[in-house]
Amino acid sequence: MSLIGDLFDAPSRMTALDPLASRAADVADRLLPGGRVRALLHGRPFRHPAHPAMAFVPIGTSLSALLLDAAAAVLPGGRALHAPARGLSAVAAASAAPAALAGWADYTQLHPDQQRTAIVHATGNALAVTCWTASLVAGRRAPLLRTAGTLVAGAAGALGGHLSYRWAAGANHAEHLPHLAGDGKEHVDVGALADLPDGELVQRRAGDAPLCVLRRGGSVRALADTCTHLGAGLHGGEVRDGAGGPEVVCPWHGSTFRFDDGAVVGGPATAPQPTVDVRVVDGRVLARVDAPPQP
């Protein structure tokens, strides 16, 4: 089993891919639309990345085509099944395009080791689409090309899963923080109000959970400090005033969260930031990390 794990981990160590990976990120960032379209590609309205869900269409249709081709090979009169298999391959090839756009949107914000794996993943998917497309005009060799494309797509998909679960691309990096802050019922003392610089972001701790704290006069707001996108410390970012109150901009990739409810208002993050209930009592700042906000 370790051999399989080493095989999936290998792309992350291929530093020779870095020039290509960096160039691909720059090109994708320039070509992909911004604003609401980019937010949709990231999956912000769904509160999780859109790319994995969109990939189900080409995966499902290509697998269905493979099964039809297999049935055609063993059933009397099965050759008639090649026509629907061909149609399913066309759907697989066409649906891979929007899934790829969502994947490239996420790719632009990954770390270098994640990008190396993602480049190999994307290359495999491109090869699969090439096989599916070629099968549409290949005649007798079409079933072989469809099968090859689906097998390559399966390997690329497994690598994509490894990227998500082993290398945490697209995962919520702050889900655990409420569990580190205590039992979630009591507020804990995180320091004196007078020790907080006015108008600046600072890090404090509630139990083992780091907090990003903002004081403005006698008012104190806080969020979990670990960015849900890729784990940066939000206290190293910037404060800005938004329509719904003060916001913090992540220093790594620009994900922007509203202090009052943890909502994502900009950037590549899809999961909201865990919120912190803050009280000031007798000059002391008391905080309780809440569960991630619900819609």
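The values are calculated or read from the model by the stated rules, or taken from the named source; none is laboratory data. Since the structure is predicted, the reported quantities are computational estimates derived from the model, not experimental observations. Cβ sites come from the backbone with ideal geometry, for glycine too, and all protein chains shown count toward neighbours. Side chains included, ligands, DNA and RNA excluded: accessible areas come from the protein's heavy atoms. Shrake-Rupley method; radii C 1.70, N 1.55, O 1.52, S 1.80 Å.
Within region 14-36, is there a residue that is assigned to a helix (DSSP H, G or I), within 23 Å of Ala97 (Cβ to Cβ) and hydroxyl-bearing (Ser, Thr, Tyr)? Taking every residue of region 14-36 in turn, none turns out to be assigned to a helix (DSSP H, G or I), within 23 Å of Ala97 (Cβ to Cβ) and hydroxyl-bearing (Ser, Thr, Tyr).
Listed by first and then second residue, the pairs with beta-carbon distance under 7 Å, at least 6 apart or on different chains, first residue in region 122-151 and at pLDDT below 95, second acidic (Asp, Glu), form an empty list. The residue that is farthest from the chain's Cα centre (by Cα), counting only those in region 127-139 that are part of a helix (DSSP H, G or I) and closer than 12 Å to Ala92 by Cα, is Ser135. Please determine whether any residue of region 40-59 is open to solvent by less than 20 Å² (accessible area, probe 1.4 Å) and farther than 26 Å from Ala21 by Cα. Among the residues of region 40-59, not one is open to solvent by less than 20 Å² (accessible area, probe 1.4 Å) and farther than 26 Å from Ala21 by Cα, which makes the answer no. Does Ser64 satisfy being open to solvent by 40 Å² or more (accessible area, probe 1.4 Å), within 21 Å of Ala155 (Cβ to Cβ), modelled with pLDDT of 95 or more and of a type outside the set (A, V, I, L, M, F, W, C)? In short, yes. Within region 117-132, identify whether any single residue is within 30 Å of Leu286 (Cα to Cα) and in contact with an Asp or Glu (Cβ under 9 Å, 6 or more places away or on another chain), and answer yes or no. Among the residues of region 117-132, not one is within 30 Å of Leu286 (Cα to Cα) and in contact with an Asp or Glu (Cβ under 9 Å, 6 or more places away or on another chain), which makes the answer no.
Scanning region 195-217 finds no residues that are modelled with pLDDT under 90 and either over 30 Å from Pro49 (Cβ atoms) or not in a loop (DSSP other than H, G, I, E, B) (or both). Inspection of region 140-151 finds no residue satisfying the criterion of being assigned to a helix (DSSP H, G or I), touching a helix residue (DSSP H, G or I) at 6+ places or on another chain (Cβ under 7 Å) and open to solvent by 60 Å² or more (accessible area, probe 1.4 Å).
Within region 250-268, take every residue that is of a type in the set (A, V, I, L, M, F, W, C) and in contact with a Gly (Cβ under 7 Å, 6 or more places away or on another chain) and give me the one that is most open to solvent (accessible area, probe 1.4 Å). Only one residue fits best here, namely Val265.
Output yes when any residue across region 67-76 is open to solvent by 40 Å² or more (accessible area, probe 1.4 Å), within 20 Å of the chain's Cα centre (by Cα) and modelled with pLDDT under 95, and no when none is. No: region 67-76 contains no residue that is open to solvent by 40 Å² or more (accessible area, probe 1.4 Å), within 20 Å of the chain's Cα centre (by Cα) and modelled with pLDDT under 95. Note on region 154-179: among residues that are part of a helix (DSSP H, G or I) and in contact with a strand residue (DSSP E or B) (Cβ under 7 Å, 6 or more places away or on another chain), the one that is least open to solvent (accessible area, probe 1.4 Å) is Leu177.
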